[in-house]
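Here the structure is laid out as structure tokens; the discussion comes afterwards.
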Amino acid sequence: MRWKWMLPTVYICFLLLPIYWLLNMSLKTNAEILSTFSFWPQHLTLDNYRVIFTDPSWYSGYINSMIYVSLNVIISVSCALPAAYAFSRYSFVGDKHLFFWLLTNRMAPPAVFALPFFQLYSSIGLFDTHIAVALAHCLFNIPLSVWILEGFMSGVPREVDETAFIDGYYWPHFFVKIFMPNIASGIGVTAFFCFMFSWVELLLARTLTAVNAKPIAAIMTRTVSASGLDWGVLAAAGMLTILPGALVIWFVRNHIAKGFALGRV
Amino acid sequence: MIEKQVNQKAWFMVLPVFLVVAFSAIIPLMTVVNYSVQDTFGNNQFFWVGMDWFRDLLHSERFHDAFFRQVSFSAIILCIEIPLGIVIALAMPRKGWGVPVCLITMALPLLIPWNVVGTIWQIFARVDIGLLGHTLAALGVDYNYTQDPVAAWITIIIMDIWHWTSLVVLLCYAGLCSIPDAYYQAAKIDGASRLSVFRYIQLPKMQRVLLIAILLRFMDSFMIYTEPFVITGGGPGNSTTFMSIDLVKMAIGQFDLGPAAAMSLIYFLVILLLCWVFFTVMSNIGEERSKGGA
């Protein structure tokens, strides 16, 4: 039992080692990366980061990603809230089938949808816009939101609703004023998951964008295929994509364990 | 379980979700179905071929290979990540400063964009510049993931363990935290061994979250695309061409709409079927156990 802490420690080292290596690479010049092998940068340089912050084709990628991720979080959570309430409180014709059908969309491989999405959004003139990517990501984020929120809402006792209705609240008023504060942490966790899955997805985001809404992840793959790999800049870009995730984790750190269980412990 | 109130007006609350998901699920899916039964000579001229694409595909070597690789990959991933996740969750601290440190560092890989995960491992495993590749080469191990299929597989599996085991850990940890202290005290009084505490208290309490973990890990490993695409591009040869990679190659690379659409449908149906089986089996086990325990 005394050695119990060893296992998580070893695991955390295993997790951090590749990330450290990326940080190490991002602080070296390209010449140093290719010529010498060292565990820390011999000539510390921030040039790689400067390239990203000064070149619009790089930093616009971060802005594009942020825009469609935020749009997606807003759409997913606001659509899912009333639906999750309906699933957790009422039974209606086809509710179970609808719930399973929603979940099947979370299971759908994005590769299946890449081409039809491309054609659909091209034909309605939304190709290469932020809203197209945000809507496409709703495919798997809305079912997930409904699922998580339903778990949290079922944990709120039904008496809360009944008391409010007896007190003469109308449903929308009750929902915003009384019910939403009750599941505030659930909403936070849901937003976190929507952010997470929209932020990490590449295939659909890349297929649906060309220039104006190109996400940072797609810009990075383009650099990989270009001649003369610039490892330093690539590593710096990678480090910068880790930052938003780390920030978001920091905000939800108190709910993270329960959140990952999707309110279903 | 309290009976839910019957209220057909609840459909109005579900309507926005239904419309958005229907727009982004049913229309594309219908397009796929449409393509899967037709052939084209370009110029938007289509003609009916019926089930031909499905027949061709189900008899093609290429599809069998990709399917086999995909199933073995998911099986290996589940066999390693689930037990490993449980063991780490059991060893994690329950209070003190270690808790936030563990939770935050473990959640970190989950929020890295998938292609960046690929890039990280590419940089980490390369023989010339990577820590892992360089160390192995210095130890005299013949390791080169761009040429050796076995090395490529091992790299991708280790990468997936790095990327996703945390999800299992966090889920199990949440399950373990929900066990009241009284259970452990009772077990202590009864003189239960460490193993039987795990078998009769911790495992049943983790069952719900384990179900979610297995389901999510199975689904996501079965759809894996970005990470192997970045690291190996499906190579060397075709040794790491999983179903999604093959599908995207066919649909967007070669623009073979018919076969790609047929493959999409089979792929989707396989996932649905397996998930449904998983779900039913696991929830049946849960019901039986709760009946037996009561």
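For segment B:61-293, compute Rg over Rh where Rg is the Cα radius of gyration and Rh is the Kirkwood radius from the inverse mean 1/r over Cα pairs.
My calculation of the ratio gives 1.04.
Please give the total accessible area that chains B and A bury against each other, computed with a 1.4 Å probe and expressed in Å² to the nearest 100.
8600
Give me the mean projected area, in nm² to one decimal, of the convex hull enclosing the Cα positions of segment A:1-45.
Averaged projected hull area, Cα only: 3.7 nm².
In deg cm²/dmol, rounded to 500, what helix-only [θ] at 222 nm does chain A give when every DSSP H run of at least 4 residues adds -39500 (n - 2.57) and the total is split over its residues?
Here the helix-only value at 222 nm equals -23500 deg cm²/dmol.
Label points 7 Å out from Cα along the Cβ direction at A:Ile178 and B:Val270: separation in nm?
That separation, rounded to one decimal, is 5.1 nm.
First compute the accessible area of segment A:49-260 with a 1.4 Å probe, then give the percent of it belonging to carbon and sulfur atoms.
Taking all protein chains in place, segment A:49-260 shows 68 percent carbon and sulfur surface.
Here are some pairs, B:Lys4/B:Lys205; A:Lys4/B:Lys205; B:Lys95/B:Lys205; which of them have Cα atoms lying more than 24 Å apart in this structure?
The pairs that break the limit, which is 24 Å between Cα atoms, are B:Lys4/B:Lys205.
As a check on your grasp of the helix formula, calculate [θ] at 222 nm for chain B: sum -39500 (n - 2.57) over DSSP H runs of n ≥ 4, divide by the residue count, round to the nearest 500.
For chain B, the value works out to -23500 deg cm²/dmol.
What residues qualify as long-range amide H neighbours of A:Ser91, i.e. H under 5 Å apart, gap of 5 or more or another chain, H built at 1.01 Å from N?
Hits under the 5 Å cutoff: B:Gln5, B:Val6, B:Asn7.
Could you give the accessible area per residue of segment A:112-235, probe 1.4 Å, as a whole number in Å²? All intermediate terms of the calculation are to be shown ahead of the outcome.
On the way: 4340 Å² over 124 residues.
Value returned for segment A:112-235: 35 Å² of accessible area per residue.
Out of all Cα-Cα pairs in segment A:49-260, roughly what percent, to the nearest whole number, are more than 28 Å apart? Before the final figure, lay out each step's value.
On the way: 8605 of 22366 pairs.
In whole percent, the long-distance tail amounts to 38.
What is the percent carbon and sulfur in the accessible area of chain B, measuring with a 1.4 Å probe over the protein chains and ignoring ligands?
67
Quick one: which residues, 5 or more positions from B:Gln38 or on another chain, have an amide H under 5 Å from its amide H? H modelled 1.01 Å from N in the peptide plane, none for Pro or chain starts.
Under 5 Å from the amide H of B:Gln38 lie the amide H atoms of B:Val49, each far enough along the sequence or on another chain.
Using a Gaussian network model of chain A whose springs link C-alpha atoms within less than 10 Å, name the residue from A:Ser185, A:Ser154, A:Ser38 with the highest mean-square fluctuation.
Looking only at A:Ser185, A:Ser154, A:Ser38, the largest GNM fluctuation is found for A:Ser38.
Tell me the per residue accessible area of segment A:1-45 using a 1.4 Å probe; a whole number in Å² is fine.
62
So what does B:Met30 come to for accessible area, using a 1.4 Å probe and Å² rounded to 10?
B:Met30 exposes around 110 Å² with every protein chain in place.
Tell me, how many Å apart are the Cα centres for segment A:1-69 and for segment B:203-247?
Taking the Cα centre of segment B:203-247 as reference, the centre of segment A:1-69 is 25 Å away.
Select from A:Ala80, A:Ala217, A:Ala184 the residue whose mean-square fluctuation is largest in a Gaussian network model of chain A (Cα-Cα springs shorter than 10 Å).
For chain A, modelled as a Gaussian network with Cα springs under 10 Å, the answer is A:Ala184.
Amide H of B:Arg126 versus every other amide H placed in the peptide plane: which residues, excluding those fewer than 5 positions away on the same chain, fall under 5 Å?
Result for B:Arg126 returns B:Gly133.
Using a Gaussian network model on chain B with a 10 Å cutoff between Cα atoms, which of B:Ile201, B:Ile161, B:Ile224 fluctuates the most?
Among B:Ile201, B:Ile161, B:Ile224, the largest GNM mean-square fluctuation belongs to B:Ile201.
Report, largest value first, the span of the C-alpha coordinates of the protein assembly as shown along each principal axis, in whole Å.
Taking max minus min along each principal axis of the Cα atoms, the protein assembly as shown gives 72, 70, 49 Å.
The values are calculated or read from the model by the stated rules, or taken from the named source; none is laboratory data. Keep in mind that this is a model prediction, so the values were computed, not measured. Here Cβ is always computed from backbone atoms with ideal geometry, including for glycine, and neighbour counts include all displayed protein chains. Side chains included, ligands, DNA and RNA excluded: accessible areas come from the protein's heavy atoms. Shrake-Rupley method; radii C 1.70, N 1.55, O 1.52, S 1.80 Å.
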